[in-house]
Structures are given as structure tokens and as C-alpha cells.
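The values are calculated or read from the model by the stated rules, or taken from the named source; none is laboratory data. Quick caveat: nothing in here was measured; it's all calculated off a predicted structure. A quick note on method: Cβ atoms are made from the backbone with ideal geometry, for glycine too, and the neighbour counts reach across all protein chains shown. We work out accessible area using only protein heavy atoms, side chains counted, and drop any ligands, DNA or RNA first. Shrake-Rupley method; radii C 1.70, N 1.55, O 1.52, S 1.80 Å.
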Amino acid sequence: MGLLDGKVAIITGAGGGIGRAHALLFAKEGAKVVVNDLGGDRAGGGKGSELADQVVAEIKKAGGDAVANYDSVSTREGADGMLWSALSKFGKVDILVNNAGVLRDRSFLNMTDADWNVVFDVHMKGTYFCAQTIARQLKVQGKGGRIINTTSVSGLMGNFGQANYSAAKAGIYGFTRTLAIELRKANVTVNALAPVAYTRMTEDLPMLQAVPNAKEMLAPEHISPVALFLASDLSADITGTIVGVQGPKVSLYKMIETSGTTPKGAAWTAEELRERWGEIGK
Ligand SMILES: NC(=O)c1ccc[n+]([C@@H]2O[C@H](COP(=O)([O-])OP(=O)(O)OC[C@H]3O[C@@H](n4cnc5c(N)ncnc54)[C@H](O)[C@@H]3O)[C@@H](O)[C@H]2O)c1
């Protein structure tokens with residue numbers, strides 16, 4: 001018995017890196033998988049069918065069931081295309097993993113509108129289009145479902161050179177929290193992963209190069225068991241959570257508000273804010 005027997009999963013950007021690891025594990029656990037990948041380069045240029053085809057071939061070789069889809073997550077038509085792949089081949093959809101991603105790092109003062117737009121189109125708009133298209137289908141099917149988004153430590157904490165990427169990933173954080181509230185009644189859980197993994201997106205980053213044995217220590221295969229858990233019936237009561245996965249370490253990210261305080265007089269003055277800033281932050 002697999003944890004995802006009888007389920008149909010759409011995984012975006014599943015032609016490589018973390019998405020590929022999700023697809024292989026989900027299929028091993030019994031899911032029928034739509035392996036979506038546009039097949040372009042790391043910066044969002046180009047396209048091709050090879051990446052998705054290769055992962056489908058790997059799944060089939062291992063005895064699983066999958067279909068390739070080459071649509072871009074960045075358009076409504078792309079999201080419709082993915083849903084159509086699931087419905088025409090497998091008759092339904094139960095799980096969506098929004099994983100597709102691109103990177104265009106540049107210090108903020110040098111960032112171009114294209115750097116900003118491409119990153120937002122794939123991460124933020126892509127997550128929106130796919131989530132809405134699939135959530136509407138889940139509502140029609142009436143049996144609940146799972147949406148797993150992909151945010152980033154960069155979006156939650158900030159990172160030099162990633163104003164575009166961190167803004168989009170922070171957007172995915174807020175989006176996940178709101179969807180969890182809105183889709184609760186339809187029994188659709190919505191959670192997000194904040195992974196760190198050695199992939200083509202990160203292999204040349206100094207941060208990862210500083211990790212001894214990064215390729216093994218931070219293999220994408222560490223991330224996928226957490227995605228599997230969030231996709232399975234084992235996590236029916238878990239929604240709106242942001243799960244960090246860095247190699248074997250799993251943690252939760254939580255937004256905190258300090259207890260706060262009120263002014264001594266009728267209203268705050270700038271001087272009193274300066275004076276009591278430490279107290280406000282406690
Ligand atoms: N690797 C990390 O350390 C790390 C850290 C934080 C967040 N993430 C996020 O995890 C996700 C997976 O990243 P990865 O590290 O496996 O990178 P990756 O580059 O190996 O994989 C991303 C995949 O998305 C596909 N893709 C890009 N644009 C697409 C589009 N418009 N439509 C469909 N597919 C598209 C690419 O072809 C690629 O196969 C991304 O959302 C990324 O931002 C990764």
C-alpha cells in the first residue's frame with residue numbers, strides 16, 4: 001500500500017531538482033503524476049520537452065504511472081493545460097504541488113523590469129494560476145485535496161541580490177495563509193515548503209558551496225518526504241503551515257507579533273518611540 005494510492009498529483013517544474021524528486025516519490029507511493037515542466041533554463045529562457053519526458057520515463061521504468069506536460073505555469077492557459085492533462089489521462093486531480101521556479105539574481109539598484117517580471121510571472125502568478133484552476137476543480141469534485149506551495153528562506157527572511165525573488169516568495173507565504181483559510185471548508189489543505197537543496201538553481205551559490213558534501217547533504221530527496229506527508233491523508237489536520245527543510249532538518253516558520261505596548265500619553269511621539277523601541281520589540 002502506498003500513501004498516495006488512488007491519488008492524482010500535478011507537480012509543476014517536475015523535470016528537475018526538487019520537483020523531480022517529488023514526482024519520483026509520489027509515483028512510488030502510488031500517485032498518478034502529471035509531470036509538468038516548461039523545460040527552459042534557470043533564468044526563464046527557452047523551453048523544451050526533454051526534462052519532463054525524462055522524469056516520466058524514470059517513473060514508468062520504476063513501474064509507476066505518469067504523463068508529461070510542457071505548459072508554462074505563468075499563464076492561465078498553461079494552468080488549464082495541466083488540469084486537462086490530469087483529467088484526460090487520469091480522470092481527476094487530488095494534489096497540486098506548485099514548485100516551478102526561476103532565478104534572476106541582481107543587486108536591487110541594477111535590477112531590470114524584466115528581472116522583476118519574469119520572476120514574478122513564474123513564482124507568484126504561476127502559483128496563483130495553478131492554485132485557482134486546480135482549487136476550482138477540487139471544489140467541483142467535492143472530495144477535498146491538497147495544495148503545496150513553495151516559498152523560500154529568502155522570501156521569509158530576505159537575502160542580498162534577491163529583491164525580485166524574495167518579494168515573490170514572500171507573496172507566496174501570504175497567499176498560502178489566505179488560501180488555507182478560504183479553502184478549509186472545501187477540505188483542501190494549503191501549506192508551503194521552504195526548502196534548501198542542491199539543484200541547478202543553487203549549485204553555484206557561495207552559501208551552498210560552503211557546505212561540506214552539499215550535493216549529498218542537501219539532496220532534493222530530503223525535501224520530498226515532507227511534500228509526501230503534506231500530500232497524504234496523514235496531514236488532513238495541517239493547513240496554513242510553512243515547513244522549512246534543509247537536508248535532514250525539518251522546522252516550521254512562524255510569523256510573530258511582539259506583545260507591544262501603548263504610549264504614556266494620549267498618542268505616540270517620535271521621541272517616545274525612540275526611547276521605548278526596545279520595549280516595543282519585546
Ligand atoms: N534549491 C533551493 O535551495 C531552493 C530554496 C528555496 C526555494 N526553492 C524553490 O524550490 C522550487 C524548485 O527549485 P529547484 O531548486 O528544484 O530548481 P530547478 O531549477 O532545479 O527546478 C525548477 C524547475 O521549474 C521549471 N520551470 C521554470 N519555469 C517554469 C514555467 N514557467 N512553467 C513550468 N515549469 C517551469 C524548470 O524548467 C525547472 O525544471 C522553486 O520554486 C524554487 O524557487 C529552492
Practice prompt. Would you please put 21-29, 86-94, 207-215, 98-106 in order of how densely packed they are, using the mean number of other Cβ atoms within 10 angstrom per residue and starting with the highest?
Written response: 21-29, 98-106, 86-94, 207-215
Response to the item:
In the neighbourhood of ASP115 defined by beta carbon distances under 10 Å, the net charge of the other residues (Lys, Arg +1; Asp, Glu -1) is 0
Worksheet, complete the sentence: Applied in sequence order to segment 163-172, the curve 6.51 cos²θ - 1.76 cosθ + 1.60 (Karplus, θ = phi - 60°) yields integer Hz couplings, x standing for Gly and Pro, of 4, 5, 5, 5, 5, 5, 6, 5, x, 5
Discussion item. Could you work out [θ]222 nm for the chain from helices alone, using -39500 (n - 2.57) per DSSP H run of at least four and dividing by all its residues? Round to the nearest 500 deg cm²/dmol.
Written reply: -11500 deg cm²/dmol
Practice prompt. Could you state how much accessible area TRP277 has, in square angstrom rounded to the nearest 10, with a 1.4 Å probe and all protein chains kept in place?
Written response: 150 Å²
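Given a Förster distance of 45 Å, report the FRET efficiency between LYS143 and LEU109 from their Cβ-Cβ distance, rounded to the nearest 0.05.
On the way: r = 50 Å, r/R0 = 1.11.
E between LYS143 and LEU109, to the nearest 0.05, is 0.35.
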Discussion item. Could you tell me the center-to-center distance, by alpha carbons, between segment 219-244 and segment 43-122 in angstrom?
Written reply: 20 Å
Discussion item. Whole-Hz ³J(HN,Hα) for each residue in segment 146-154, computed from phi via Karplus 6.51 cos²θ - 1.76 cosθ + 1.60 with θ = phi - 60°, x for glycine and proline: what do you get?
Written reply: 9, 10, 10, 9, 10, 9, 7, 4, 4
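If the viscosity is 1.567 mPa s and the temperature 4 °C, what translational diffusion coefficient in µm²/s does Stokes-Einstein give for the chain when Rh comes from Kirkwood over Cα pairs? All intermediate terms of the calculation are to be shown ahead of the outcome.
Working: Rh = 19.6 Å.
Calculated translational D: 66 µm²/s.
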Worksheet, complete the sentence: Residues whose built amide H sits under 5 Å from the amide H of ASN69, excluding neighbours closer than 5 in sequence, are VAL35, ASN36, ASP37
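Put GLU182, GLU221, GLU279 in order of accessible area, largest first, 1.4 Å probe: what do you get? Display every interim value, and only then the final one.
Working: GLU182 135, GLU221 100, GLU279 80 Å².
Reading off the accessible areas and sorting them downward yields GLU182, GLU221, GLU279.
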Discussion item. Less than 9 Å Cβ to Cβ from PHE90, Lys/Arg counted +1 and Asp/Glu -1: what total charge do the surrounding residues give?
Written reply: +2
Practice prompt. Return the distance in nm (one decimal) between the two label points of a simple spin-label model at ALA270 and ALA43, each offset 7 Å from Cα along Cα→Cβ.
Written response: 4.3 nm
Worksheet entry | Cβ-derived FRET efficiency at R0 45 Å, LYS89 paired with ASN213, nearest 0.05 | 0.70
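Over the chain, what is the relative contact order in whole percent, taking alpha-carbon pairs under 8 Å and six or more residues apart?
Averaging sequence separation for qualifying contacts and normalising by length gives 16 percent for the chain.
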